[in-house]
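Taken together, the values in this text are just the output of simple stated rules run on the coordinates, not laboratory data. This structure is a prediction, so every number in the text was calculated from the model and none was measured. Please note: Cβ atoms are built from the backbone with ideal geometry, for glycine as well, and neighbour counts cover all protein chains shown.
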Amino acid sequence: ENSEGGKLGLNLQPLTPDFAQRLGLPEDTKGMLVAEVVANGAAASAGIQKGDAILEINRQPVASFEDVRRALENPGNPLLLVARDGQTLFVTVEVGD
């Protein structure tokens, strides 16, 4: 199942051990894999890329669609902890409520 990270403009799926290893992460890493980035969406503008793993949103770990929904309930621009190429970085997504 793919879910849109709604206001972020992302299609997400749970991170599998296989994908975690490909990203240079421990295979037991929990997170959500970016399956698709909506062109001209908020996440695309913030530099989020297909294949990135989102580990946290607003400092809350995310490992399911419900976690993502809950983390995005608060107004404002979400802060994402993203894993890419064996590195992690924080990215603020400007959603323009």
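The number of residues in region 36-82 being part of a loop (DSSP other than H, G, I, E, B), closer than 25 Å to Asp18 by Cα and of a type outside the set (Val, Ile, Thr) comes to 8. The residues of region 70-97 that are surrounded by 14 or more Cβ atoms within 10 Å (Cβ to Cβ) and farther than 16 Å from Ile48 by Cβ amount to a single one, Arg70.
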